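**Student:** For reference, the structure I am asking about is given below.
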Amino acid sequence: TKPVRDLERVGDEAKKIAKAARRLCEEGPSPRGYHELRHIGASAIEMLHAALDALTRMDVEAALAVVRRDRTVDQEYKAATRELVTYMMEDPRSITRVINVMWALRAVERIGDHARNIAEYVFYLVKGQDRRHSGLENIESAVRSWS
């Protein structure tokens, strides 16, 4: 089923994070990016838990909250990426280490995307409507009309 595929992809992303962590241990820590990685990582994990909970309870409102949170995680990821690229331009010696953090950040952001996919699947299971790629505003409008 679709949620199982997304969970498998979450595992793939976790493996990427572990590889980046190992490289950081071998090459030395990155001078930047850990705060952002922890923050966005915590958000993605919370989203995944909430999406699985929404799926278990078939809770459309909880699923909608996950979709809303994905937008925030995406914005935080973009801001962190911009900040890290700027830092690498200022200190080229840090490029290799910072790129490892950026790979981990990307994987964490993708985990959030998979959580969103699971949440969107809840809309399909409960209402029989495919809301993937609909955009947050369209999903919110549909949920309001179901209430």
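The values are calculated or read from the model by the stated rules, or taken from the named source; none is laboratory data. The structure displayed is predicted, hence computed values, not measured ones. Methodologically, a virtual Cβ is constructed for each residue, glycine included, from the backbone with ideal geometry; neighbour enumeration extends over all protein chains shown. What goes into the accessible areas is simple: the full protein's heavy atoms, side chains included, and nothing from ligands, DNA or RNA. Shrake-Rupley method; radii C 1.70, N 1.55, O 1.52, S 1.80 Å.
**Student:** What are the ³J(HN,Hα) couplings of segment 116-123, residue after residue, when phi is run through the Karplus curve with 6.51, -1.76, 1.60 and θ = phi - 60°? Round to Hz, x for glycine and proline.
**Tutor:** Here the 3J(HN,Hα) series is 4, 4, 4, 4, 5, 5, 4, 4 Hz.
**Student:** Let me ask something else about it. Measure off 7 Å from each Cα along the Cα-to-Cβ vector at Y87 and E61, then give the distance between these two points in nanometres to one decimal.
**Tutor:** The answer from the label model is 4.0 nm.
**Student:** For segment 99-121 and segment 1-67, what is the separation of their Cα centres, given in Å?
**Tutor:** With segment 99-121 and segment 1-67 each reduced to a Cα centre, they are spaced 6 Å.
**Student:** Each residue of segment 3-19 in turn: what ³J(HN,Hα) in whole Hz from Karplus with 6.51, -1.76, 1.60 and θ = phi - 60°, glycine and Pro shown as x?
**Tutor:** Listing the rounded values in order: x, 5, 4, 5, 5, 5, 5, 4, x, 4, 5, 4, 5, 4, 5, 4, 5 Hz.
**Student:** Spelling out what I want: for every residue of segment 77-90, take phi, set θ = phi - 60°, compute 6.51 cos²θ - 1.76 cosθ + 1.60 (Karplus), and round to whole Hz; glycine and proline get x.
**Tutor:** The phi angles translate into 4, 4, 5, 5, 4, 4, 4, 6, 5, 4, 4, 5, 5, 6 Hz.
**Student:** Another question, if that's okay. Once the Cα atoms of helix 34-57 and of the chain are each reduced to a long axis, what angle between those two axes, in degrees from 0 to 90 to the nearest 10, is obtained?
**Tutor:** Around 20 degrees separate the two axes.
**Student:** If you roll a 1.4 Å probe over the chain with all protein chains in place, what percent of the accessible area is carbon or sulfur? Walk me through the intermediate numbers first.
**Tutor:** On the way: 4440 of 8270 Å².
Roughly 54 percent of what the probe reaches on the chain is carbon or sulfur.
**Student:** Which value, in nm² and rounded to one decimal, describes the direction-averaged projected area of the C-alpha convex hull of the chain?
**Tutor:** Numbers: hull surface 34.7 nm².
The number I arrive at for the chain is 8.7 nm².
**Student:** Can you compute the modelled spin-label distance between I45 and K19, with each label point 7 Å from Cα toward Cβ, in nm?
**Tutor:** Using points 7 Å along Cα→Cβ, the separation is 2.2 nm.
**Student:** Output the 0 to 90 degree angle, nearest 10, between the alpha-carbon long axis of helix 136-146 and the longest principal axis computed from the alpha carbons of the chain.
**Tutor:** 20 degrees
**Student:** Could you work out the helix-only [θ] at 222 nm for the chain, with each DSSP H run of four or more residues adding -39,500 (n - 2.57) and the total divided by the number of residues, to the nearest 500 deg cm²/dmol?
**Tutor:** Values: 5 runs with 125 residues, N = 147.
Theoretical 222 nm ellipticity from helices: -30000 deg cm²/dmol.
**Student:** Now a separate question. Which of the peptides 61-74, 5-18 is most tightly packed, and how do the rest follow, going by the mean number of other Cβ atoms within 10 Å of each residue? Please report the intermediate quantities before stating the final value.
**Tutor:** Details: 61-74: 19.3, 5-18: 15.1.
Peptide ranking by packing, descending: 61-74, 5-18.
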